[in-house]
Each structure stands twice: as C-alpha cells, then as structure tokens.
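A short worksheet on the structure shown next.
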Amino acid sequence: MTTDPDRVLRCALVGTGNVARLHAEAVAADPAARLVAVTDLSAEAARAFAEMHDVPAVHDDLEALLTSEHPDVVLICTPPAVHREQALAAFAAGAHVVVEKPPAPSLDELDDMRRAADAADRRLAVVFQQRTGTAAAHVKHLLDSGALGRPLIAQCQTLWFRDADYFAVPWRGRWSTEGGGTTLGHGIHQLDLLAFLLGDWASVEARMWRLDRETETEDASTATVRFAGGTVAQVVASTVSPRQTSSIRIDTQKATVTVDHLYGHGHENWAITPAPGFEHEAATWELPSREIPSGHAPLLHDVFTALRAGGPLPPTADAPARSLEIVIDLGGWWWMLTDEWRGLAVHRSADAVVWERQEGLLLDTVGPPESGLQIGRHAMALADGDDAAWIYFFSHPWWDGSEIADASDDLHRRSSVQRARLHVVDDVLVCVR
C-alpha cells in the first residue's frame, strides 16, 4: 500500500440513512479527508443528503460511483445484508472500506471481506465507536497494565426501547436483511467495548428471547461470557426497556470501573471506585486532563491517519470479528429453529458444545473448536475447521429419513465437509467425519 501522509483522502458514502450523518460530519471535521460523492437506493434521499452536507456528486448506484470517482475510501452505511457485496466492489476498485457495525451478518461473509481487503492491499475498518475516546483508552491501559489488579466479574447492559414504528422500516427485524436482532444490531456496541477492555473471550452461555415485538428476530438476550483471562461477565441486550441505558461494570481486585451512558461516553460517564484498602492508589487512576469523547470523529480520524501513513489500522478500528463471534455464539443459529425449539440454552467453549431444552438436557457432547458454522433447516452443524471432528444435526420429531438425507446432502453441498457417517440418537442426528 502506497503512503502519502499529506494526501487528502477522497471519501465516498454509500447509504444516506441516520448513521450517514455522523460519517459526513466526521469527514467534514477532518482536514485529512473530504466527502466527494454519495449514493443511495433513493435518488431523492441521496440528493437531499448531498445538499445538506455540501457533497459535490450524487450517483445512481455504487458501481457508477466507483467508476466515476475512484475514491480512496468508501464509507458503507447500508443494512448489514449488503455489506459484503459493497465492500468487495470497493476493494476491487482500489478503495479502502470503513463499514458500519455489524460488519456482516455472518463470519463467513466477514472472512470474504477480509480476504478481499488483503488481496487488494487495502484496509477494512469497522465502526465500533464505543472503543474510542480518552476515557476508554485510559481504562484499557489500567486493565492491561495490571494497575487495577485482575478483572474478576463484569456486567454489560444494552437496555434500549424500540417501538413498533422503529420496526416498521422494511429491513429491520428481519433475518434476511438485518442479519440479527437486538443482540447484533444494538448490544454488539457494548459487547465490543467490553471485549476491547477485557480481551479475547473463551466461552458463551446464552438464551435468546422474543418477548414483545412483532419481529422475526429476538428482542432480548441474556448471556454469561467467560473471557480468556478468567473474567466472567453477565450480558443483557433488549429493545423492550423504557428506561434506557448502556452500561458496563468491571470489578477488579482493586476497584470497580463503571461507564453509564446511552449512545456515547465522555469522562463524566466513567468512574473508578477503589476497593477498601486501595484508596491510596486511586489518585494514580484518574482520567487524563485532556478529554476526547467517544464517537465517529475520533475513530475516522485515527483510521485516516493510519491510511495516509500506510500503517496498520488502530486498535479502535481493528479486530472486526471479536465481538461478532460473541454475538454469533450468543445465538447466531437460533433463528433457524422452529418456535418449539426456541428458548433453548446454548453453551459454547473451546472444547464443548452443549444445547439444553428448558425442561432438561437435550445434548451433551464434546468436540474440538470449529472455524465456521454451517446451518441447515432446523439444524446446526459445526464444520469447515481443519481439526473439526464432529457435526451435530438436530432432528425434529416429524422428520423422516428422506428429510434427514436431504439435509445432510445440503450440508455437503454448502461446506467442505466430506461425506459423513450418520447416527440417530434420541431424535438427534450426529454426523461423524
């Protein structure tokens, strides 16, 4: 990748919905970049957006924009279902990509995007703006350095309220267009900040719920996440909570760290409370005097700086898969199950997969970690990993032998799994490689 630290980056924006305004304002505030073109499915919306933000060019579609403008950076602000297609087109045209969360509806699609970026020698940055700001950076340093002792237990809450009008937008609340429910669309921000602070995760135990909203997707989820360092976190995401909050609490050996906000945080939202006996250390934990709140502006500024220098992306925009992996393990395959099977618990770790029905144990077996998920109708399969040894299908009571065979054939067509031996045990089809 060529470098030019003095070059002004030419940015193009795809999708002019609510979040696009934050991108436009961040670019306008940064002397290292300027917004040169926009496109949207609605030509009227694109023209109105361009007029409001003083964008010189409007195009009918992304292909026309890329051909005409040759942008340095494409900012993708569209629904998740089209992120992969648009990112691949941008990389093929020689542009870097900044994509809104979630970066893709699945890890497979995200992997495609990352491979395309590598092949084109371009960068793929993901907008998880909760990682940004001087307070988050300071707390991460305290945790990483051990200044607060070992993190022990944590809480992560995304309690939001979204009414029927919110879900009346055609692409919302649908698996085919949004890719997930409140866990993927809303809770992922706080989950990502939690993982940014605590590092890699080790296991997830979760339940997914549809409590009130008329959607295909869940409107609430509850989970326990264990991190590689040993921290245990309780996680709740909801779109049915009238008193809204976004909050994280981390209890360490020496202190309690909290951040309570809604859509963005500054120093006033953070607190570090010493444990008894450690009050004398509290002065060394104080937030820095210079404050930068979280937001799109600091994120894009860091990304633009890295792109112009030709270096790696900053930690605030890298590691796009970490929080998506947690969300998928919370219930990425939940939507494939019928109502009769929903509400079950999912337990995932590096060496075991356990599914339980509410009234008792359904399946308890051990297999190695997998690199991807292949999902069939009323089925879940662990597949595609070099060391994957087990594939589990859930049989439904009304399935007959032909339907099981059809599902098995479909799995083979859509994955690299070789022909498997089939065993049926108590309505569970177990395929052994």
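Every number in this text was worked out from the coordinates using simple rules, so none of it is lab data. These numbers were taken from a predicted model, which means no experiment stands behind them. Here Cβ is always computed from backbone atoms with ideal geometry, including for glycine, and neighbour counts include all displayed protein chains.
Taking amide H as placed 1.01 Å from N in the peptide plane, HIS70 has no amide H partner under 5 Å among residues 5 or more places away or on another chain.
If you take the Cα centroid of the stretch 100-164 and the Cα centroid of the stretch 206-283, the two points sit 15 Å apart. With θ taken as phi - 60° and the Karplus curve 6.51 cos²θ - 1.76 cosθ + 1.60 applied, the whole-hertz 3J(HN,Hα) list for the stretch 72-85 is 7, 9, 10, 9, 9, 10, 9, x, x, 4, 10, 4, 4, 4 Hz, x standing for glycine and proline. Database remark: amide H of LEU9 closer than 5 angstrom to the amide H of ALA33, ARG34 (H placed geometrically; neighbours at sequence offset of 5 or more, or on other chains; Pro and chain starts carry no H). Taking amide hydrogens as placed 1.01 Å from N in the peptide plane, the amide H of VAL55 sits under 5 Å from that of no residue at least 5 positions away in sequence or on another chain. Each residue of the stretch 108-123 was assigned a 3J(HN,Hα) from its phi angle through the Karplus curve 6.51 cos²θ - 1.76 cosθ + 1.60 (θ = phi - 60°); the sequence is 4, 5, 5, 4, 4, 5, 5, 5, 5, 5, 5, 5, 8, 6, 10, 10 Hz, with glycine and proline shown as x.
Taken about its Cα centre, the stretch 133-285 carries a charge dipole of about 180 debye when Lys and Arg each add +1 at the Cβ and Asp and Glu each add -1 at the Cβ.
Per-residue Karplus couplings for the stretch 22-32, computed as 6.51 cos²θ - 1.76 cosθ + 1.60 with θ equal to phi - 60°, are listed in order as 5, 5, 4, 5, 5, 5, 4, 7, 10, x, 7 Hz, Gly and Pro entered as x.
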